[in-house]
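One structure is given below, encoded as structure tokens.
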Amino acid sequence: MLDTFITSFKLKNTYRVNSVIYSIKQLPIIRKILKDSLYKNKALKIIGNIISILMEIGSIFLGKLLYIFFCITSMLPVFKLESANTFIHIFLFLTIIGGIMNTYMFNPTKDKYYAMIIMNMDAKKYTISNYIYAMIKTFIGFMPFTIIFGLLSKIPLYICIIMPIFVVMVKMIFSAYVLIDYKKTKIAKNENKLEKFTWIVIFILLLLAYGLPYIGIVINQTFFLICFIISLILGILSIKIINSFDKYKQIYKQILTNENVYATENAKSNQTIKENASKQIELDKSFTSNKHGFAYFHELFVKRHSKILTKAVKKQSMVIIGIFAILTTIVLKNKDIAKRVNDLLLIYLPYFVFVMYMLNRGTTVTQAMFMNCDHSMLTYRIYRTPKVILGVFKERLKTLILINLIPAILIGAGLTLLLYISGGTVESLNYIILFVSIIAMSIFFSVHYLVMYYLLQPYNVNTEMKSSTYSVVQGLTYFVCYFFIGEKLPTFYFGLATIIFSIVYSLVSLILVYKKAPKTFKLRV
Amino acid sequence: MYNEIDVKGEKNMKLVIKHLKKNFEKKEVLKDINFEFEKGKIYGLLGRNGAGKTTLFNCLNEDLDLDGGEFYINDESDRNIKPEDIGYVLSTPNVPEFLTGREFLKFFIEINEKRIKNKKTTDEYFDFVQIEKEDRDKLMKDYSHGMKNKMQMLVNIIASPDILLLDEPLTSLDVVAQEEMKQLFKDIKKDHIIIFSTHIMELALDLCDEIVILNKGVLTEIENDKEDTQSFKNKIIEALKEE
């Protein structure tokens with residue numbers, strides 16, 4: 001058993017180290033310097049190993065720290081109840097949810113896939129040894145934080161210490177339950193694809209965890225101790241069930257399908273994207289177009305993707321109208337708030353850079369363009385002639401700008417209206433600047449996303465992301481927009497600067513597209 | 001070889017490749033490719049796994065930048081290859097799934113309007129690749145692999161590009177579809193330079209007029225001196241094995 005564990009651990013470590021090296025290699029400048037042979041490089045292997053160990057330690061502690069802090073400790077002041085009991089209350093119910101959603105055993109991960117499906121390791125030995133390891137990790141990972149945050153909330157030390165044991169027991173009970181269920185139904189449960197009923201149970205538990213304290217009800221320590229003793233008894237029974245179960249191979253054959261494994265690995269994996277992408281196509285082919293050439297092609301694309309294009313924007317617009325309606329009512333009714341809103345409107349325009357960034361559909365739309373359209377069209381050389389590329393680009397730019405303009409106009413108009421009814425401004429140009437700058441931001445983001453897509457088209461024919469430059473640019477965009485959140489600048493000057501910047505940026509980037517896109521817009525090899 | 005005159009008295013078009021090189025980091029995948037492909041013939045490009053067949057196609061399709069050398073079309077005179085001169089059919093068919101077969105075809109006909117010589121109706125094109133009437137107005141999302149393959153082939157030949165690169169185009173088709181496709185290639189070959197990459201020797205021998213081998217980064221033509229099939233096969237295998 002120990003041998004199996006060591007082998008599987010080494011295997012996991014090896015690919016983790018390799019993926020660390022791979023990520024290092026994806027960075028734009030470093031890629032040029034480093035060669036393929038670097039997977040053999042000793043120094044890099046050592047760095048990779050260190051990072052891998054840090055990741056392992058991080059996986060033990062970090063999640064639990066964040067979990068206890070954000071889900072429990074930071075929530076305590078909300079309820080204004082006795083903190084020890086509230087802590088235990090939330091902890092108890094969240095632990096049960098964790099038991100259902102986070103079994104470790106039924107999570108289809110890549111390491112299990114490699115070990116049991118590809119390397120054909122003994123499923124039972126692999127599962128049990130790794131399960132023991134996972135449970136030890138859970139126990140050790142929780143201990144420091146239940147003690148620290150528990151004591152801070154004035155929970156007796158012995159309860160702080162049994163809390164991690166409770167977590168482990170609950171997890172084992174649920175794993176055993178799933179195994180028993182499998183014996184009956186022959187259906188293996190994938191913890192990432194829970195049934196509707198399970199989701200309802202989870203929702204109810206969440207309500208119990210936070211809803212009860214909200215209305216002033218929490219469990220006491222005796223109740224927790226009773227739960228603990230029950231969990232201890234059932235947990236020990238579960239160990240027997242887990243240990244004697246012998247159909248792990250069959251279970252994992254069901255759970256560890258390609259699709260599942262890659263879906264959990266990251267949401268961006270090509271399988272998932274491809275599937276999601278094709279789900280976005282609306283089957284109704286009664287949509288037709290009377291246009292010609294590129295316009296025809298593009299119009300059909302837009303009509304058959306209305307779910308992510310027009311419908312999403314409609315939803316956004318409804319929400320925006322709702323928010324402004326509420327704000328307008330408040331401002332009209334309350335003079336104090338009106339004054340504050342008026343002040344904010346004249347200095348908080350930078351915040352809207354982030355809002356406009358978040359609202360912009362550019363990322364989703366360009367991704368759909370690639371997955372459902374260009375991914376296949378770019379394999380046709382004729383589609384890559386400058387005339388076609390630029391023709392389609394023009395149609396797309398029009399659509400993307402228009403789509404994003406709808407919420408932008410609503411926000412611009414809403415803000416201008418708010419400024420007026422909250423007391424107005426001496427400088428009447430402010431109204432125009434406020435409105436136009438919001439529009440300018442929206443156009444800027446639309447142009448930005450589409451231009452980046454045409455200049456850096458990052459995917460290959462298998463829809464794998466091949467350009468890290470693209471990710472870096474996207475990250476930077478986010479970072480810059482995020483940076484504006486806290487900034488307070490006079491709306492007049494900031495707005496003016498935004499308008500000028502947007503115009504210049506759009507012009508420059510459009511020229512760039514016209515010059516470069518016929519070369520850059522192709523499938524990565 | 002040069003100034004060859006074909007039956008109609010026109011000079012025969014050629015794809016000329018000179019000293020083409022492509023490396024991936026230190027690995028020289030294509031070392032020194034020199035070849036002339038002529039119109040009217042189907043060339044079977046054989047090579048072992050990883051020999052660089054797809055890399056060669058990607059270079060010719062300008063998906064990859066060259067590390068040396070050049071290639072061009074020699075017609076009346078030498079000229080650079082434009083995107084519309086090349087049709088590249090991948091082994092896995094890629095068609096935009098949000099369109100119906102007919103819409104896809106319509107779009108291609110419209111953007112190629114000026115280049116298509118004797119334009120036919122969409123139904124005539126569908127008949128040509130034998131796609132059933134009831135399938136023509138379905139979204140291609142619901143097409144079978146073979147139908148997608150046919151659509152891909154169809155739009156690639158519709159504008160009649162001078163050069164057709166076919167990367168393992170038949171491997172995933174059923175036997176009937178394979179035969180249909182083979183017949184299609186034979187029907188259109190007189191107007192094109194067709195380069196057909198495959199692992200399957202029988203297919204190459206059956207369909208292709210010339211056998212070209214890519215080994216060790218170099219292209220060589222295997223002469224068939226009217227030998228019997230078996231000894232020709234052996235000759236090819238020997239050439240592929242050469243270290």
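List of remarks:
- Matching residues in the range B:83-104 - criterion: being more than 7 Å from chain A (Cβ to nearest Cβ) and either at pLDDT below 85 or touching an Asp or Glu at 6+ places or on another chain (Cβ under 8 Å) (or both): B:Asp85, B:Val89, B:Ser91, B:Thr92, B:Pro93, B:Gly101, B:Arg102
- Residues satisfying the stated conditions in the range A:138-160, i.e. surrounded by 19 or more Cβ atoms within 10 Å (Cβ to Cβ) and assigned to a helix (DSSP H, G or I): A:Thr138, A:Gly141, A:Phe142, A:Phe145, A:Thr146, A:Phe149, A:Gly150, A:Ile159, A:Cys160
- There is no residue in the range B:217-227 that is more than 22 Å from the chain's Cα centre (by Cα) and polar (S, T, N, Q).
- Residue match in the range B:180-201 (condition: more than 21 Å from B:Met153 (Cβ to Cβ) and either among the hydrophobic types (A, V, I, L, M, F, W, C) or at pLDDT 85 or above (or both)): yes
- Qualifying residues in the range A:417-446 (those that are among the β-branched types (Val, Ile, Thr) and under 37 Å from the mean Cα position of the chain (by Cα)) - the one surrounded by the fewest Cβ atoms within 10 Å (Cβ to Cβ): A:Ile432
- Residue count for the range B:105-145, restricted to those that are of a type outside the set (Lys, Arg) and within 14 Å of chain A (Cβ to nearest Cβ): 18.
- Tally of residues being at pLDDT 85 or above and crowded, with 16+ Cβ neighbours inside 10 Å across the range A:30-54: 2
- Entry remark, the range A:363-383: residues being in contact (Cβ under 8 Å) with a residue 40 or more places away in the chain and facing chain B (nearest Cβ under 9 Å) number 6 in total.
- Qualifying position, being in the same structural domain as A:Tyr351 (by TED's automatic domain parsing) and more than 32 Å from the chain's Cα centre (by Cα), among A:Leu455, A:Leu507: A:Leu507
- Among residues of the range B:219-243, those that are in a strand (DSSP E or B) and surrounded by 15 or more Cβ atoms within 10 Å (Cβ to Cβ), counted: 3
- Scanning the range A:80-95 for residues that are of a type in the set (A, V, I, L, M, F, W, C) and assigned to a helix (DSSP H, G or I) returns A:Ala84, A:Phe87, A:Ile88, A:Ile90, A:Phe91, A:Leu92, A:Phe93, A:Leu94.
The values are calculated or read from the model by the stated rules, or taken from the named source; none is laboratory data. Computed from a predicted model, the values in this text were never measured in an experiment. Quick reminder, even Gly has a Cβ in these numbers, built from the backbone with ideal geometry, and neighbours come from all protein chains shown.
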